[in-house]
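**Student:** The structure follows.
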Amino acid sequence: MTSAVCARELLSRGADPNLIGPSGVSPLVSAIVSADEPSAATDLVEQLIGSGAYLTSDLLFVAAAPRVRQGPLVTALLLRKGLDPNVESAEWGTPLHRAVRAGKPDTVKALLDAGANPTARATGKHIGENKSPLEVAEAIGQW
């Protein structure tokens, strides 16, 4: 789903904002991943959240993914909605580790501005053993 206007119409007629589609993702995850324009991303995400879409910590990892064009905006929005910037994932460590690994400086800034711990040590499938975000950046040659 990429249109806030279509989403508004569907949701006003009882569509479930948490229904998992054939691709195995929720409309909120789909909106985060597929939005091309800044206002489309935030409008659609706000619409879905306002209609009861589940806010789960994994959304920060989705927003920090490399191919998510509006990741920094969506990350900031999700953080304003109360998601914890220091949540941990078995795959990615913290969202800050994920954003560093993905090479997303604007997402890194949004997370740090929201209180993400820059010295957090985490272990994850994609980051290695007990590394800080800086060590992740060094390991992948971003420094």
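Please treat every number below as a calculation from the coordinates, not as lab data. The model shown is predicted, which means the values in this text are computed figures rather than measured ones. Positions of Cβ are backbone-derived with ideal geometry, glycine not excepted, and every protein chain shown enters the neighbour counts.
**Student:** What is the range 1-142's relative contact order, in percent, from Cα pairs under 8 angstrom and six or more apart in sequence?
**Tutor:** 18
**Student:** Let me ask you something else. Based on DSSP H runs of at least 4 residues, each adding -39500 (n - 2.57), what is the mean residue ellipticity at 222 nm of the chain after dividing by all its residues, to the nearest 500 deg cm²/dmol?
**Tutor:** Dividing the helical sum by the residues of the chain leaves -13500 deg cm²/dmol.
**Student:** Which of the lysines could a cross-linker span from LYS125 if the Cα-Cα distance has to be under 24 Å and same-chain partners fewer than 8 positions apart are dropped?
**Tutor:** Partners found: LYS104, LYS109.
**Student:** Right, next: Once the other residues with Cβ under 12 Å from the Cβ of ALA4 are scored (Lys, Arg +1; Asp, Glu -1), what is the net sum?
**Tutor:** Net of charged neighbours comes to -3.
**Student:** Then there is this: For the range 72-142, what's the relative contact order in percent, using C-alpha pairs closer than 8 Å and at least 6 residues apart?
**Tutor:** Working: 99 pairs, mean separation 23.0, N = 71.
Relative contact order for the range 72-142 comes out at 32 percent.
**Student:** Give a residue-ordered list of calculated ³J(HN,Hα) values for the range 57-70 (Karplus: 6.51 cos²θ - 1.76 cosθ + 1.60, θ = phi - 60°; whole Hz; x for Gly, Pro).
**Tutor:** 4, 5, 5, 5, 6, 5, 5, 8, 5, x, 8, 7, 5, 9
**Student:** The range 38-67 to the range 100-143: how many Å between their Cα centroids?
**Tutor:** So the separation of the two Cα centres works out to 21 Å.
**Student:** Once you order the gyration tensor axes a ≥ b ≥ c over the Cα atoms, which shape class does the range 72-142 get: rounded for a/c under 1.5, otherwise prolate or oblate by comparing a/b with b/c?
**Tutor:** Values: a/c = 2.04, a/b = 1.51, b/c = 1.35.
The shape class here is prolate.
**Student:** Counting Lys and Arg as +1 and Asp and Glu as -1, each charge on the Cβ, what is the dipole of the range 48-112 about the Cα centre in debye, to the nearest 20?
**Tutor:** Values: 8 positive and 5 negative charges, 58 e Å.
For this selection, approximately 280 debye.
**Student:** Here are some values of volume of the Cα convex hull per residue in Å³: [x] 135; [y] 97; [z] 126. Which one was computed from this structure?
**Tutor:** Recomputing volume of the Cα convex hull per residue in Å³ here gives the entry labelled [y].
**Student:** A follow-up question, please. If you put +1 on each Lys and Arg Cβ and -1 on each Asp and Glu Cβ, how big is the dipole of the chain around its Cα centre, in Debye rounded to 20?
**Tutor:** Using Cβ point charges on Lys, Arg, Asp and Glu, the chain gives about 80 debye.
**Student:** What ranking do 88-98, 121-131, 54-64, 10-20 get when scored by the average of other Cβ atoms within 10 Å per residue, highest first?
**Tutor:** Final packing ranking: 88-98, 54-64, 121-131, 10-20.
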